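No value in this document is a laboratory result; all are computed from the given coordinates. Remember, predicted model here, so these are calculated numbers, not experimental data. In this analysis, Cβ positions are derived from the backbone assuming ideal geometry, glycine residues included, and neighbour counts consider all displayed protein chains.
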Amino acid sequence: MPILSSIASISAKAYGSMSGLKRIFDYFTRTTSGSLGTATSGDVWEATKGVWSANGSQATTATSPSDYPIAAVNFTSPNAIINLDVSNGSGSAFWISDTQNWWALASTSSISGSTCSSGYVNYTAPSFTAGAFTPGSSSYTAPNYTDPGYVSNYCVSYTGVSDGEFGYYEICVQYANQYAPGYTYIAGAFTPGSSGYTAPNYTGTESYSFFCGAYANTYSYSLTLIKSIANTITTVTTQALSSAAASIKLILNGTSISGTGYSSPGQTGTNLGTLTNTATGATRTSKHGIILIPSAQQQTTVDNFSVDVI
């Protein structure tokens, strides 16, 4: 948005001149390599940890989130209102002293559950000896079916063997495949011995195990407040959100921290939840910026970053 960016830039600079107070903002509408360069407001970014760059519309990083990449700008005060559009795992770093000492608030997700979306059922017997049966071996290959449904692999015939020490056990001497057309498996829906999955010629008690080929995950979303003290990173607190945050508003006032997640960019849409914390004893600096932290649905971008006085 070059025109809007220019208007906002002129407005912000006029505001700064009239009030004597500083405002920093960046729309990342440039292409850089190795650093973020100069912000829309004219302030220079520092590469505190890792590498952030601008891709023409957003800030992005290829540095691993486990390294907590940080880019920072110098503000006039530790007290500030920080607004930014976020993706999963990104957020604002603040009160940055150095690479080992800082605070951050980010939008994160975690896996809250999973269901199997595809797979097949395998028939075995409790008396089958460990190591004697290998799914997918040359004598036990499940065909590739494209029709919805699943392959069940099972033993057709067993023979008894005595090992002379532990007694009698069985080994499989004949394998077969069975296919149930149209059968859709979901967690908990399969009944052993149901029609289409009956394994013939078993002489002992049958057991069933399910092998899933793919899972569909469900996620929970949070604002996560973390801090790094002498390079020891800990989670201070989290705030559950009703969905993934698209933008964050962070208010720093003394040792009080308040962060709100919104469903849409620009701190608009639904208020998804607010995190509050009192950072007693924190070392507060006037350096603030952006960060990437680990998240289940990892993304790597930040946009429309601004820092204002309270």
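With 18 Å as the limit on Cα-Cα distance, the pairs of 49/249; 49/227; 22/49 that go past it are 49/249; 22/49. For residue 219, the amide hydrogen comes within under 5 Å of the amide hydrogens of 112, counting only partners 5 or more places away or on other chains and with H modelled in the peptide plane. Scanning residues 5 or more positions from residue 57 or on other chains, those with amide H under 5 Å from its amide H are 30, with H placed 1.01 Å from N in the peptide plane. For residue 27, the amide hydrogen comes within under 5 Å of the amide hydrogens of 40, counting only partners 5 or more places away or on other chains and with H modelled in the peptide plane.
Residue by residue, the stretch 76-88 carries 3J(HN,Hα) couplings of 9, 7, x, 7, 6, 10, 10, 10, 6, 8, 10, 10, 5 Hz when phi is fed to the Karplus relation 6.51 cos²θ - 1.76 cosθ + 1.60 (θ = phi - 60°); x denotes Gly or Pro.
If you rank 30, 23 by fewest surrounding Cβ atoms within 10 Å, what's the result?
Least crowded to most crowded, the residues run 30, 23.
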